[in-house]
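Please read the structure below before turning to the comments.
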Amino acid sequence: GAVVSQHPSWVICKSGTSVKIECRSLDFQATTMFWYRQFPKQSLMLMATSNEGSKATYEQGVEKDKFLINHASLTLSTLTVTSAHPEDSSFYICSVEYPIGNEQFFGPGTRLTVL
Amino acid sequence: AQKITQTQPGMFVQEKEAVTLDCTYDTSDQSYGLFWYKQPSSGEMIFLIYQGSYDEQNATEGRYSLNFQKARKSANLVISASQLGDSAMYFCAMRDVRGSGYALNFGKGTSLLVTP
């Protein structure tokens, strides 16, 4: 099965700084990747669809200027949380849809804590 | 619009017993896919099982089986012979079109605790 990596696995930052999270598809090229956010004790909520070579599409209520997504290659998508605030503290997890079959593969997630 | 409902916030089961986690869904799509994922405390999402709406048989993967009742719009996960390592959050999800691919729309999840 496909392997998806994320870096970093956790990050602590000061309020007002920007944080970049990387999602890599290690086994195959992915034209589409997805970013989810999970607050403690809650479910995963889709934030945006990352499209290789074009702009990301954001879910309703997700600020595109706050959560910058870049999908510059077929194996890498990055999510940058700009001017992070404590309310942005969450678990961010990416996924890649495998081209064969129905499975979606998730990265291990990045736990962001904003002080 | 889709809706995934998991009505059991938490469940207990004794080791070696079977347990059923409930999931109901609502969609206007004729063709759809349903998933179950396990999320241990580490946070990783582990794929368990998939059921397509046109699959004639209920999906099974080892100790996991999906009780798919299309008319009732339910897709319950059955875990047989529970093990202590099965303690985790379990999410039911439905495939949702996004651009050229499919994202997942998740239910709120059920926390399962397996006791000795």
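The values are calculated or read from the model by the stated rules, or taken from the named source; none is laboratory data. Being a predicted model, the structure only gives us computed values, none of them experimental. For neighbour counting, all protein chains shown are included, and Cβ atoms are generated from backbone atoms with ideal geometry for every residue, glycine included.
The residues in segment A:18-56 that are surrounded by 14 or more Cβ atoms within 10 Å (Cβ to Cβ) and either in a strand (DSSP E or B) or among the hydroxyl-bearing types (Ser, Thr, Tyr) (or both) can be counted, and the count is 24.
Take the residues in segment B:19-38 that are over 21 Å from B:Ala81 (Cβ atoms) and not in a loop (DSSP other than H, G, I, E, B), then tell me which one is farthest from the chain's Cα centre (by Cα).
Taking segment B:19-38 as the starting set, the residues that turn out to be over 21 Å from B:Ala81 (Cβ atoms) are B:24-35.
Applying the additional criterion that residues be not in a loop (DSSP other than H, G, I, E, B) yields B:24-26, B:33-35.
On the way: B:Thr24: 10, B:Tyr25: 11, B:Asp26: 14, B:Gly33: 11, B:Leu34: 8, B:Phe35: 6 Å.
Among residues in segment B:19-38 that are over 21 Å from B:Ala81 (Cβ atoms) and not in a loop (DSSP other than H, G, I, E, B), the one farthest from the chain's Cα centre (by Cα) is B:Asp26.
Quick grid of which residues meet (1) in a strand (DSSP E or B); (2) at pLDDT below 95:
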{"residue": "B:Phe47", "(1), (2)": "yes, yes"}
{"residue": "B:Gln57", "(1), (2)": "no, yes"}
{"residue": "B:Phe68", "(1), (2)": "yes, no"}
{"residue": "B:Ala75", "(1), (2)": "yes, no"}
{"residue": "B:Met89", "(1), (2)": "yes, no"}
{"residue": "B:Arg95", "(1), (2)": "yes, yes"}
{"residue": "B:Tyr102", "(1), (2)": "yes, yes"}
{"residue": "B:Ser111", "(1), (2)": "yes, no"}
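Among the residues making up segment B:107-116, those that are in contact with a Phe, Trp or Tyr (Cβ under 9 Å, 6 or more places away or on another chain) and either more than 9 Å from every other protein chain (Cβ to nearest Cβ) or farther than 23 Å from B:Ser53 by Cα (or both) are B:Thr110, B:Ser111, B:Leu112, B:Leu113, B:Val114, B:Thr115. Of all residues in segment B:58-106, exactly one satisfies the criterion of being hydroxyl-bearing (Ser, Thr, Tyr), over 14 Å from the mean Cα position of the chain (by Cα), farther than 15 Å from B:Tyr32 by Cβ and within 14 Å of another protein chain (Cβ to nearest Cβ), namely B:Ser100.
Among the residues making up segment A:93-115, those that are more than 10 Å from chain B (Cβ to nearest Cβ) and either closer than 17 Å to A:Leu68 by Cβ or part of a strand (DSSP E or B) (or both) are A:Cys94, A:Leu112, A:Thr113, A:Val114.
State which residue is farthest from the other protein chains (Cβ to nearest Cβ) when the search covers only segment A:80-92 and only residues that are touching a residue at least 60 places away in the same chain (Cβ under 8 Å) and buried (at least 18 other Cβ atoms within 10 Å of the Cβ).
A:Ala84
Across segment A:1-10, the qualifying residues are those that are within 14 Å of the chain's Cα centre (by Cα) and farther than 17 Å from B:Tyr102 by Cα, and the one among them that is surrounded by the fewest Cβ atoms within 10 Å (Cβ to Cβ) is A:Trp10. A count restricted to segment A:1-49 and to residues that are within 12 Å of A:Gly109 (Cβ to Cβ), more than 10 Å from chain B (Cβ to nearest Cβ) and without any contact (Cβ under 8 Å) to a residue 60 or more places away in the chain stands at 1.
Could you tell me how many of the residues in segment A:57-79 are charged (D, E, K, R) and either within 11 Å of chain B (Cβ to nearest Cβ) or part of a strand (DSSP E or B) (or both)? Let's see the steps before the verdict.
Narrowing segment A:57-79 to residues charged (D, E, K, R): A:59, A:63-66.
Now drop any that are not either within 11 Å of chain B (Cβ to nearest Cβ) or part of a strand (DSSP E or B) (or both), which leaves A:59.
Summing the residues that are charged (D, E, K, R) and either within 11 Å of chain B (Cβ to nearest Cβ) or part of a strand (DSSP E or B) (or both) in segment A:57-79 gives 1.
None of B:Thr5, B:Thr20, B:Thr24, B:Thr60 is among the polar types (S, T, N, Q), more than 22 Å from A:Gly107 (Cα to Cα) and touching a Cys at 6+ places or on another chain (Cβ under 8 Å) except B:Thr5.
Has segment A:96-108 got any residue that is surrounded by 13 or more Cβ atoms within 10 Å (Cβ to Cβ), in contact with a His (Cβ under 6 Å, 6 or more places away or on another chain) and without any contact (Cβ under 8 Å) to a residue 60 or more places away in the chain? No, the conditions are met nowhere in segment A:96-108.
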